[in-house]
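Read the figures in this text as sums done on the coordinates, not as results from a lab. What you see is a predicted model, and the numbers here were worked out from it, not measured in a lab. Here the Cβ positions follow ideal geometry from the backbone for every residue, glycine too, while neighbour counts run over all protein chains shown.
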Amino acid sequence: MTWVGVSIALVGALGYALGAALQQYEAVELGASLKLMRRPRWWIGGIIGFTGACLHAVALSFAPLVAVQPVSVATLVFAVPLAAMLHGRKPHRAEILGSVAVTVGLIGIMLLVPEHDAKPVLSDRSALAFLATILVIAVLSNLVARKAQGPTKALLLAIGAGAVTATVSTFVRVVGGGFEGDFGHFIHWFSLVIPIMLMVAVVLLQHSYAVGYFGIAYAGVQVVDPITSVLAGAILLGEPLPSGVGNVVPAMLAAALLIGGTVTLGRLTPDRSHKVAVTEPVKASVS
């Protein structure tokens with residue numbers, strides 16, 4: 001069932017990428033404020049992104065965290081050309097190469113992830129410790145971001161958002177993976193954590209997008225989220241990681257390719273708002 005979950009996650013990745021691109025397009029102009037709620041485009045992006053996130057949650061019910069979470073990085077492959085289209089241009093060659101690197105690295109990691117069919121179990125104590133750790137990361141990243149500017153600020157905010165998003169994925173995996181047709185399984189405080197942390201993640205994401213560096217912000221979230229989730233799956237849920245020289249070395253090479261492609265995409269994705277794109281030609285014609 002692992003590949004069923006991966007396939008669903010890929011479809012969700014497309015929706016999540018489109019939703020993010022639409023919301024960032026508005027957040028750059030209006031900032032991370034309540035004014036965004038007056039924009040139909042922002043709501044459309046939210047609905048599409050939420051649908052993608054729901055498909056991601058469904059995928060976690062079929063496959064382990066270490067298999068599904070890396071797929072979320074593939075949203076960069078979709079987000080880059082979508083963002084370029086919104087900004088009225090074609091993707092650069094380096095962006096295409098970065099997308100290919102991410103895809104190849106992702107496939108390499110997917111082929112090395114061991115199968116794991118055990119029911120995910122998380123104790124209350126471990127869950128609280130995990131939440132506390134994530135909240136510390138989110139608070140610290142946001143405090144440091146207050147003194148930062150430009151792409152550094154966007155990246156710091158993205159780190160906090162990515163860590164919080166990872167908690168949603170982890171708890172969805174625990175609640176969904178242990179469902180087994182028993183709706184009473186949902187009557188647990190774990191189920192409350194999911195919507196609360198999801199709302200926190202949305203707020204942090206808007207602040208990151210509003211800085212104006214979509215590529216860096218989005219890449220940061222999509223790297224921190226799966227890394228945190230994979231670590232949580234391995235440490236808290238006992239999900240296996242590739243082992244042995246025959247698996248570890250290829251996994252490291254694939255991860256290096258994945259990270260390299262992600263960094264390239266993050267640096268080359270347009271970071272200017274549509275306002276700037278409109279006014280610059282006017283200035284050029286006047287001069």
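Data for the structure
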{"read-out": "Anisotropy class of the stretch 21-148 from Cα gyration tensor, a/c 1.5 cut", "value": "oblate"}
{"read-out": "Stretchable slack from SER33 to ALA234, in nm (0.36 nm times residue separation minus alpha-carbon distance)", "value": "68.6 nm"}
{"read-out": "Residue-count net charge about GLY46 - beta-carbon cut-off 15 Å; Lys, Arg +1, Asp, Glu -1", "value": "+3"}
